[in-house]
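A.B. asks: Got a structure here, written out as structure tokens. Questions coming.
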Amino acid sequence: MLIGDSRFTAIDFESAGAARGRTDVPVQVGLCCWSVREGHGDHFVSYLASEAPITWSARKVHGIKDADLIGAPPLLALWPQLKQRLAGSAVVAHGKGTEKRFLRSFPGHGFGPWIDTLLLARAAWPDLSDHSLSAICDARGLSATISQVLPNRRWHDALYDAFASVALLADLIRTFELADRPLESLLQPDLSVWHRHRNKH
């Protein structure tokens, strides 16, 4: 399948934070759909029920409080909404490890292929010193547009970061004129230049 014919769904989780003796758990999920042909589409965001309290360090990053989770559904209850948006899509995340780990709550879900915008950004712009999502969106002039679309949200909000991930992917596809390339060309970007640049510093 070509990139231009593909549907992409970005996903982001915010978590309660790691603490000694317990496994980290998600407390918010956000998803955004996009395609070359139709542009930005459906958005979804929800807080998630958590038996673990949010750590001080995690709260400092994303600003989510335990009180925000009162009445929120557990992740498993959101299976219909997640399946509707992720099935048949290439799944996008910036640093996909956390998102893949939390989606293991749905064994055998079959979502994918996975596209990591962190790896793509490193391959596309290896000379940048910071490839965090906010830094790369600032460098590419995307942050103002993201904030206009989601004016009441900010970085480390799951919907904001999911939208930013897919906006970054769209920018990369436009910049390098990739719409007519096979989808597989996004899956394993060439990081050799980034590695050489990193080793010099």
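The values are calculated or read from the model by the stated rules, or taken from the named source; none is laboratory data. Predicted model only: the values in this text are computed from it and were never measured. Reconstructed Cβ throughout: ideal geometry from the backbone, glycine too, with neighbour counts over all protein chains shown.
A.B. asks: For the stretch 133-183, how many residues are part of a loop (DSSP other than H, G, I, E, B), closer than 20 Å to residue 6 by Cβ and among the acidic types (Asp, Glu)? Can you show your working first?
C.D. replies: Within the stretch 133-183, the subset part of a loop (DSSP other than H, G, I, E, B) is 140-142, 150-157, 176-181.
Keeping just the survivors that are closer than 20 Å to residue 6 by Cβ gives 176-181.
Still in the list and also among the acidic types (Asp, Glu): 177, 180.
The total comes to 2.
A.B. asks: While we're looking at this one, here's another question. Identify, by number, the condition in (1) farther than 15 Å from residue 32 by Cβ; (2) modelled with pLDDT of 95 or more; (3) touching a helix residue (DSSP H, G or I) at 6+ places or on another chain (Cβ under 9 Å) that residue 126 doesn't meet.
C.D. replies: (2)
A.B. asks: Across the stretch 69-99, which residue is farthest from residue 6 (Cα to Cα) among those that are without any contact (Cβ under 8 Å) to a residue 40 or more places away in the chain and among the charged types (D, E, K, R)?
C.D. replies: Only one residue tops the list, namely 96.
A.B. asks: Applying the selection to the stretch 75-84, what residues are surrounded by 14 or more Cβ atoms within 10 Å (Cβ to Cβ) and either within 17 Å of residue 47 (Cβ to Cβ) or in contact with a helix residue (DSSP H, G or I) (Cβ under 8 Å, 6 or more places away or on another chain) (or both)? Talk me through it step by step, then tell me what you get.
C.D. replies: Taking the stretch 75-84 first, the residues surrounded by 14 or more Cβ atoms within 10 Å (Cβ to Cβ) are 75, 78, 81-84.
Result: 75, 78, 81, 82.
A.B. asks: Being among the aliphatic types (A, V, I, L, M), in contact with an Asp or Glu (Cβ under 6 Å, 6 or more places away or on another chain) and within 23 Å of residue 178 (Cβ to Cβ), is that true of even one residue in the stretch 18-32?
C.D. replies: Taking every residue of the stretch 18-32 in turn, none turns out to be among the aliphatic types (A, V, I, L, M), in contact with an Asp or Glu (Cβ under 6 Å, 6 or more places away or on another chain) and within 23 Å of residue 178 (Cβ to Cβ).
A.B. asks: Also: How about the stretch 147-201: which of its residues are of a type in the set (Asp, Glu), surrounded by 16 or more Cβ atoms within 10 Å (Cβ to Cβ) and either modelled with pLDDT under 95 or touching a helix residue (DSSP H, G or I) at 6+ places or on another chain (Cβ under 8 Å) (or both)?
C.D. replies: Residues of the stretch 147-201 of a type in the set (Asp, Glu): 157, 161, 171, 177, 180, 184, 190.
Cutting the leftovers down to surrounded by 16 or more Cβ atoms within 10 Å (Cβ to Cβ) gives us 157, 161, 171.
Across the stretch 147-201, the qualifying residues are 157, 161.
A.B. asks: Return a yes/no flag: does the stretch 92-108 have any residue that is aliphatic (A, V, I, L, M), surrounded by 14 or more Cβ atoms within 10 Å (Cβ to Cβ) and modelled with pLDDT of 95 or more.
C.D. replies: yes
A.B. asks: Might you check whether a residue that is at pLDDT 95 or above, in contact with a strand residue (DSSP E or B) (Cβ under 9 Å, 6 or more places away or on another chain), crowded, with 16+ Cβ neighbours inside 10 Å and among the polar types (S, T, N, Q) occurs anywhere in the stretch 55-66?
C.D. replies: For the stretch 55-66, residues at pLDDT 95 or above, in contact with a strand residue (DSSP E or B) (Cβ under 9 Å, 6 or more places away or on another chain), crowded, with 16+ Cβ neighbours inside 10 Å and among the polar types (S, T, N, Q): absent.
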